[in-house]
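Report on one structure; see the data block that follows.
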Amino acid sequence: MADSSFDIVSKIDRQEVDNALGQAAREIATRFDFKGTGAKIEWQGEQAIEITASADDRATAVLDVFKQKLVKRDVSLKVLDASEPRQSGTVSKIGITLKEGITSEDAKKITKLIRDEGPKGVKAQIQGDELRVSSKKRDDLQAVQALVRQQDYDFAVQFTNYR
């Protein structure tokens, strides 16, 4: 019997992030507490978002609205890497970068976890910015998924290509 396998990845559903950003922008435009503050949220290239407002607390409030929209769309907040509010002339800005992919150090941590605490006979291989986990038994693969979900990593984890 062939081995069953799945991939551990950290990917961003860009469409969901874009939808959340659009919803947040519409809410900011209509909410009374944002009137006259110059608050806005917009894309800055492929993997960056910028929040602009007249004061630090307003910029932070815009970030909170954006986070709420992401949570409602089932996007992990671990994909966000938000900077502290910084003054830029008369406005306050927050830069957000989107984190995608598993670094080699993080992949090694997951591999070590699977090797040490996972079921016997489960193999984990690093393939670029993702991890392939394979085993003869599907139950072992489900146990590995549960084990990885229990850990608190600083990046979002998804499981794909379950075969």
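Rule-based calculations on the coordinates, nothing more; no lab input. Everything numeric here is computed off the predicted structure, so don't read it as measured data. FYI the Cβ positions are ideal-geometry reconstructions off the backbone, even for glycines, and counts take in every protein chain you see.
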Kindly count the pairs of lysines across segment 14-98 whose alpha carbons are less than 19 Å apart, treating pairs on different chains or eight or more residues apart as eligible. 7
Taking the Cα centre of segment 14-98 as origin and charging only Cβ (+1 Lys, Arg; -1 Asp, Glu), how large is the dipole, in debye to the nearest 20? 200 debye
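Around LYS120, under 13 Å between beta carbons, what's the net of Lys plus Arg minus Asp minus Glu among the other residues? Let's see the in-between values first.
Values: positive: ARG115, LYS123, LYS136, LYS137; negative: ASP116, GLU117, ASP139, ASP140.
Surrounding charge for LYS120 is 0.
What value, in deg cm²/dmol to 500, does the helix sum -39500 (n - 2.57) over DSSP H runs of n ≥ 4 give at 222 nm once divided by the residues of the chain?
For the chain, the value works out to -12500 deg cm²/dmol.
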When only alpha-carbon atoms are used, what values of Rg and Dmax, in angstrom, describe segment 14-98? 11.9, 35
Tell me, what is the Rg over Rh of the chain, with Rh the Kirkwood radius over Cα pairs? 1.12
With a cap of 14 neighbouring Cβ atoms within 10 Å, and only residues DSSP puts in a loop, list the GluC sites (Glu not before Pro) found in segment 1-59. GLU46
Charge dipole of the chain built from unit charges on the beta carbon (Lys, Arg +1; Asp, Glu -1), centred at mean Cα; most positive-end Cα among VAL62, GLN47, GLY36 is GLN47
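For the chain, what is the charge dipole size about the Cα centre, in debye to the nearest 20, if Lys and Arg each add +1 at the Cβ and Asp and Glu each add -1 at the Cβ?
Working: 27 positive and 27 negative charges, 82 e Å.
I would put it at about 400 debye.
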